[in-house]
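Since the structure comes first, as structure tokens, the remarks are kept for the end.
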Amino acid sequence: MTLRKRTESLERKKLLTNQNSADIQDNHEPSDLRGDYGNIAILFFLYVLQGIPLGIGQAIPMLLQNRGASYKEQAEFSFAYWPFSIKLLWAPLVDSIYFKAIGRRKSWMIPTQYLIGIFMLILSQHVSTWLGDGHANMPRVPVITLIFFSLNFLAATQDIAVDGWALSMLKRRNVSHASTCNSVGQTFGYFLGYVVFMAFESKEFCNKYIYSIPKDEGLVTLSGFLYFWGITFLVTTTLVGFLKKENKETREQLEEHPDLGIKETYHMLWKIIKMKPVMLLATILLTVKVSFSACDAVTSLKLIDHGIPKEKLALLAVPLVPLQLLLPLVMSKHITGKYPMNFYIKAIPYRLMLTLVTAAIVWATPLIIGGRFDDIPIYFYILLLVTYSFYQVFLYAMFCSAMSFFAKISDPKIGGTYMTLLNTLHNLGGNWPNTLILWVIDLITWKSCVADGSERDFSAPKLNNNTCITHGEQEDCLSINGKCRIDIDGYYIEIILCLIYGIIWYKWGRSKINQLQRLPVKAWHVFNSKSKSS
């Protein structure tokens, strides 16, 4: 259930482009792309580049799982995903500090993309060593986490710059197309970096579908893939830097998206956070996703543990992409109006129920495949796909409802800052529980070393007092022809605890959400008499 890691970077632009689209309609200026086709192509390509490191970052946990990384180490790597969720902390710096000779947006975009390319080239030379082989050489997770945190930090910074550049690069009547470039371009880049890479990196996939003569490795390696995209980043950034000039923002654009300055922006953020409705909404956003965190963070890794090929799990994302693009359109009529969060409330019980269904599938996986890792029944993948699809429906119901509510309550005078703050809280509410869940799972999982072939036989005697917790104990167990058996799986404990938490939270949160929906819109505005008096 970790297939949707890329959506955080799409949110900052939603309010800005929607505001511009509304302004265009008010002024009766229909969209006309003549003269902007080249700019649309540039924006699309820049967002494709942005999606590449996100996709590769999504593939790393699966590679680590195949190399014996612990769940605690997976929790450590999950910090690499945080930059896109906390970019509000440095967004005012990107918007305010620049070199006029280079351009307000290119001052940040060019160096960040060069650094991404350099990081990829360095990573391509060492990643095989840092990932290890799962035996004598274990993964060097701290180093990998630091590198990918840096990559995502740079990609998030590039996203801020490109989002801002779109406002002046496109004609005013075409600014609404920037959101499409963002969502489609980043989705395509994510697809290349995750799904395409995972398929072509797998020797099993390539031997079955591509090679006529079986080989010992896939069509691409992670080192080669990183090297290719590192060179691509350097070359294309050079071309854009020299060939594409940055237009100055017009007076209308500056009025619609004013540069408040660093001090003013951070002061405004603090004023928003201190408002009582925002504090309650922040509490809701930071706590609700604990209910689903065990399912979201661990399920795919458990399936890999049970022998499901990582590339097959990655390919499940393919049919989900059109679903993710269509769901917001289908749900739009349900999330507009006076109470947009009603759909959010209704989706929670169904999503809780599907966490149990998913856990049941994970539990039944060893029984279904029966050790036939090369001949897994097709109905199993259909079952996974159907479950994932239903889960995506309710996940997106909550996501779209929240975005609609944010757009409704954001103070239009500082809409971009307000909306980005709410998005940050929304994303952070998903990141911290996932990291915590991965960190704890090893602590509540009990293992023992038993004779090879009897790991499913719970009556089989233990070979020694080996608890199979550390990598060393696991190697010791293998050295005496044993295998680590899971006696009590922390995954199922977490599923039950999260479910109980979710039921309790739902009883509390439903009334609080309704309470917030009943507030007048002016109660959320910073510049009203109540907020000034407070």
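The values are calculated or read from the model by the stated rules, or taken from the named source; none is laboratory data. Quick caveat: nothing in here was measured; it's all calculated off a predicted structure. Cβ sites come from the backbone with ideal geometry, for glycine too, and all protein chains shown count toward neighbours. We work out accessible area using only protein heavy atoms, side chains counted, and drop any ligands, DNA or RNA first. Shrake-Rupley method; radii C 1.70, N 1.55, O 1.52, S 1.80 Å.
Say the cut-off is 27 Å between C-alpha atoms; which of K302/K462; K106/K276; K263/K289; K87/K271; K171/K522 go over it? With Cα atoms farther than 27 Å apart: K106/K276; K263/K289; K171/K522. Just need the relative contact order of the stretch 75-182 here, percent rounded to a whole number, with Cα pairs under 8 Å and 6+ apart. That works out to 40 percent. Projecting the Cα atoms of A397, F99, L281 onto the dipole axis of the chain, where Lys and Arg carry +1 and Asp and Glu carry -1 at the beta carbon, places L281 farthest toward the positive end. Entry comment: accessible area of the stretch 49-132 is 34 Å² per residue, from protein heavy atoms only and a probe of 1.4 Å.
Comparing Cα centroids, the stretch 191-213 and the stretch 316-332 end up 24 angstrom apart.
Candidate membrane-span-like segments in the chain, meaning DSSP H helices with Cα atoms spread over at least 15 Å of their own axis and a Kyte-Doolittle mean of 1.6 or above, are 222-243, 276-287, 317-331, with no membrane implied. Taking a ≥ b ≥ c as the square roots of the eigenvalues of the Cα gyration tensor, the stretch 138-209 is classed as oblate, since a/c reaches at least 1.5 and a/b does not exceed b/c.
Within the accessible surface of the chain, defined with a 1.4 Å probe on protein heavy atoms only, the carbon and sulfur portion equals 65 percent. What shape does the stretch 314-373 take by its C-alpha gyration tensor, where a ≥ b ≥ c are the square roots of the eigenvalues and a/c under 1.5 counts as rounded, a/b above b/c as prolate, and the rest as oblate? Judged from the Cα gyration tensor, the stretch 314-373 comes out oblate (a/c at least 1.5, b/c at or above a/b). Computed over the chain, relative contact order equals 21 percent, with contacts defined as Cα pairs under 8 Å that lie 6+ residues apart. Less than 5 angstrom separates the built amide H of K447 from those of D487, all sequence-distant by 5 or more or on a different chain. Within the chain, C181, C206, C295, C400, C498 have no other Cys Cβ under 4.7 Å of their Cβ and so lack a disulfide-compatible partner by this rule.
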